[in-house]
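Working notes, structure below.
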Amino acid sequence: MALISWVDESPRNRPTLLAAFTGWNDAGDAASGALAWLASQWDTTEVASLDPEPFYDFAETRPRLRLEDDGSRSLIWPSNDLMAATVDGSKTPDGSETEVALLVGAEPQLKWRTFAQQVVAMAKRLESPLVITLGALLADIPHTRPTPIYGSSDDPKMASQLGLSPSSYEGPTGIVGVLHNACAAAGLQTASLWAAVPGYASEIPSPKASLALVRRLGTLLDISPDTSELEEMAESYERHVSELAEQADETSEYITQLEEAYDRQEAENGEIEQMRSTDPGEFVDQIEQFLRNQRS
């Protein structure tokens with residue numbers, strides 16, 4: 001049984017495939033939020049969808065009922081939808097069009113290898129020259145400072161070309177890590193961008209982290225989307241988290257410690273800037289070790 005349903009088989013000009021998944025890889029909904037925002041800014045066309053049946057435990061990731069305007073009900077299943085867009089020349093520095101494909105979905109509970117193989121099949125069918133995944137993780141950082149973004153690529157040539165670091169991370173991984181492994185096995189070039197989200201604000205969607213991902217992605221793809229709307233959302237997020245923190249003395253004091261640690265470290269040796277091109281585990285380990293040293 002075919003697991004991919006192709007909706008629009010029009011020829012594409014080798015688009016870069018961008019992918020993000022809600023769940024373990026998506027602290028503060030930052031990664032999925034970044035791609036969803038870009039999709040809302042571009043004129044996208046649905047290209048394909050992935051059958052959710054083999055990949056989800058529907059007791060964990062439940063379908064939703066939606067009431068339509070005519071009073072009928074629709075059942076909405078977890079989706080992994082592939083969309084394509086042509087970013088017009090007015091949004092690129094050199095005036096040329098850029099082809100992209102966006103895959104936004106939910107991390108599956110089942111058959112990860114099969115799931116990753118389906119995404120690889122999508123990339124191959126589109127003849128994508130590069131697969132870029134977005135992710136976000138919780139870290140000891142203050143919401144009042146720039147969001148650290150780091151990237152990596154397993155391909156040394158690609159890492160050098162994009163100004164990223166070769167990945168040396170060891171440890172637990174999510175569907176993003178499995179997908180990168182499958183892409184490498186299939187000979188596809190990949191890169192990964194991650195945003196750090198404040199651990200004390202883990203339950204609050206972070207447009208600030210989404211904005212940082214969008215900006216870094218724009219640098220990699222040589223595009224310049226108008227982020228003014230996302231910037232306003234990021235400012236509102238920062239104010240909202242600050243207001244919540246002010247209601248809890250311990251949280252407010254903790255944030256002050258994080259700010260001081262962030263500022264001191266960046267001023268002394270710039271390590272925070274350097275960390276923006278390292279691995280997730282290494283990034284968190286270095287931040288946490290630095291903070292432990294400051295508290296001892």
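The values are calculated or read from the model by the stated rules, or taken from the named source; none is laboratory data. If you're wondering where the values come from, they're calculated on a predicted model, not measured in any experiment. Cβ coordinates were reconstructed from backbone atoms using ideal geometry, including for glycine residues, and neighbour counts include every protein chain displayed. Calculation scope for accessible area: heavy atoms of the full protein, side chains included, ligands and nucleic acids excluded. Shrake-Rupley method; radii C 1.70, N 1.55, O 1.52, S 1.80 Å.
Restricting the search to region 102-120, which residues are outside any strand (DSSP E or B) and open to solvent by less than 40 Å² (accessible area, probe 1.4 Å)?
Quick first cut of region 102-120, residues outside any strand (DSSP E or B) only: 107-120.
Matches in region 102-120: E107, P108, F115, A116, Q118, V119, V120.
In contact with a strand residue (DSSP E or B) (Cβ under 7 Å, 6 or more places away or on another chain) and hydrophobic (A, V, I, L, M, F, W, C): which single residue out of A186, A201, A191, A234 fits that description? First the steps, then the outcome.
Values: A186 fails: in contact with a strand residue (DSSP E or B) (Cβ under 7 Å, 6 or more places away or on another chain); A201 fails: in contact with a strand residue (DSSP E or B) (Cβ under 7 Å, 6 or more places away or on another chain); A234 fails: in contact with a strand residue (DSSP E or B) (Cβ under 7 Å, 6 or more places away or on another chain).
One residue alone meets the criteria, A191.
With the condition kept exactly as written, say whether any residue in region 78-88 is hydroxyl-bearing (S, T, Y) and either farther than 30 Å from M158 by Cβ or open to solvent by less than 50 Å² (accessible area, probe 1.4 Å) (or both). Full working, then the answer.
In the first step, residues of region 78-88 are kept if they are hydroxyl-bearing (S, T, Y); the result is 79, 86.
Narrowing the set further to residues that are either farther than 30 Å from M158 by Cβ or open to solvent by less than 50 Å² (accessible area, probe 1.4 Å) (or both) leaves none.
Among the residues of region 78-88, not one is hydroxyl-bearing (S, T, Y) and either farther than 30 Å from M158 by Cβ or open to solvent by less than 50 Å² (accessible area, probe 1.4 Å) (or both), which makes the answer no.
With respect to V241, determine if the residue is touching a strand residue (DSSP E or B) at 6+ places or on another chain (Cβ under 8 Å), open to solvent by less than 60 Å² (accessible area, probe 1.4 Å) and at pLDDT 55 or above.
Numbers: touching a strand residue (DSSP E or B) at 6+ places or on another chain (Cβ under 8 Å): yes; open to solvent by less than 60 Å² (accessible area, probe 1.4 Å): yes; at pLDDT 55 or above: yes.
In short, yes.
Is it fair to say L102 is in contact (Cβ under 8 Å) with a residue 60 or more places away in the chain, in contact with a strand residue (DSSP E or B) (Cβ under 8 Å, 6 or more places away or on another chain) and not basic (K, R)? Let's see the steps before the verdict.
Numbers: in contact (Cβ under 8 Å) with a residue 60 or more places away in the chain: yes; in contact with a strand residue (DSSP E or B) (Cβ under 8 Å, 6 or more places away or on another chain): yes; not basic (K, R): yes.
Yes, satisfied.
Pick from A59, A123: which is part of a loop (DSSP other than H, G, I, E, B) and small (G, A, S)? Even if it seems obvious, please write down each step before you answer.
Numbers: A123 fails: part of a loop (DSSP other than H, G, I, E, B).
Only one candidate passes the filter, namely A59.
Taking region 249-274, which residues are modelled with pLDDT under 90, open to solvent by 60 Å² or more (accessible area, probe 1.4 Å) and not charged (D, E, K, R)?
A267, N269, Q274
Can you name the condition, by its number, that E99 falls short on among (1) open to solvent by 60 Å² or more (accessible area, probe 1.4 Å); (2) acidic (D, E); (3) assigned to a strand (DSSP E or B)?
Of (1) open to solvent by 60 Å² or more (accessible area, probe 1.4 Å); (2) acidic (D, E); (3) assigned to a strand (DSSP E or B), only one is false for E99: (1).
Of the residues that sit in region 122-167 and are of a type in the set (K, R) and under 22 Å from G105 (Cα atoms), which one is surrounded by the fewest Cβ atoms within 10 Å (Cβ to Cβ)? Break it down stepwise before answering.
Residues of region 122-167 that are of a type in the set (K, R), as a first pass: 124-125, 145, 157.
Subsequent filtering for residues that are under 22 Å from G105 (Cα atoms) retains 124-125.
Details: K124: 13, R125: 15.
Among residues in region 122-167 that are of a type in the set (K, R) and under 22 Å from G105 (Cα atoms), the one surrounded by the fewest Cβ atoms within 10 Å (Cβ to Cβ) is K124.
For the structure I just gave you, tell me whether S224 is outside any helix (DSSP H, G or I), in contact with a strand residue (DSSP E or B) (Cβ under 8 Å, 6 or more places away or on another chain) and modelled with pLDDT under 90.
Details: outside any helix (DSSP H, G or I): yes; in contact with a strand residue (DSSP E or B) (Cβ under 8 Å, 6 or more places away or on another chain): no; modelled with pLDDT under 90: yes.
For S224, the condition - outside any helix (DSSP H, G or I), in contact with a strand residue (DSSP E or B) (Cβ under 8 Å, 6 or more places away or on another chain) and modelled with pLDDT under 90 - is not met.
Given the residues L213, L193, which is the only one that is open to solvent by less than 20 Å² (accessible area, probe 1.4 Å) and at pLDDT below 95? Give the derivation first.
On the way: L213 fails: at pLDDT below 95.
Residue meeting the stated conditions: L193.
So which pairs qualify, if the first residue must be in region 1-30 and open to solvent by 20 Å² or more (accessible area, probe 1.4 Å), the second must be in a helix (DSSP H, G or I) and hydroxyl-bearing (S, T, Y), the Cβ gap must be under 6 Å, and the two must be at least 6 apart or on different chains?
T22/S32
Can you tell which of L188, L110, L130, L126 is touching a residue at least 40 places away in the same chain (Cβ under 8 Å) and under 17 Å from the mean Cα position of the chain (by Cα)? It would help to see each step written out before you state the result.
Numbers: L188 fails: under 17 Å from the mean Cα position of the chain (by Cα); L110 fails: under 17 Å from the mean Cα position of the chain (by Cα); L126 fails: under 17 Å from the mean Cα position of the chain (by Cα).
L130 is the lone residue from the list that is touching a residue at least 40 places away in the same chain (Cβ under 8 Å) and under 17 Å from the mean Cα position of the chain (by Cα).
Within region 32-55, identify whether any single residue is assigned to a strand (DSSP E or B), touching a residue at least 60 places away in the same chain (Cβ under 8 Å) and open to solvent by 50 Å² or more (accessible area, probe 1.4 Å), and answer yes or no.
There is no residue in region 32-55 that is assigned to a strand (DSSP E or B), touching a residue at least 60 places away in the same chain (Cβ under 8 Å) and open to solvent by 50 Å² or more (accessible area, probe 1.4 Å).
Would you check which residues across region 48-102 are of a type in the set (G, A, S), closer than 20 Å to I132 by Cβ and at pLDDT below 85 and list them?
Filtering region 48-102 down to residues of a type in the set (G, A, S) leaves 48-49, 59, 71-72, 74, 79, 84-85, 89-90, 95-96, 101.
Next, from what is left, pick out any that are closer than 20 Å to I132 by Cβ: 48, 84-85, 96, 101.
Answer for region 48-102, where residues must be of a type in the set (G, A, S), closer than 20 Å to I132 by Cβ and at pLDDT below 85: just S96.
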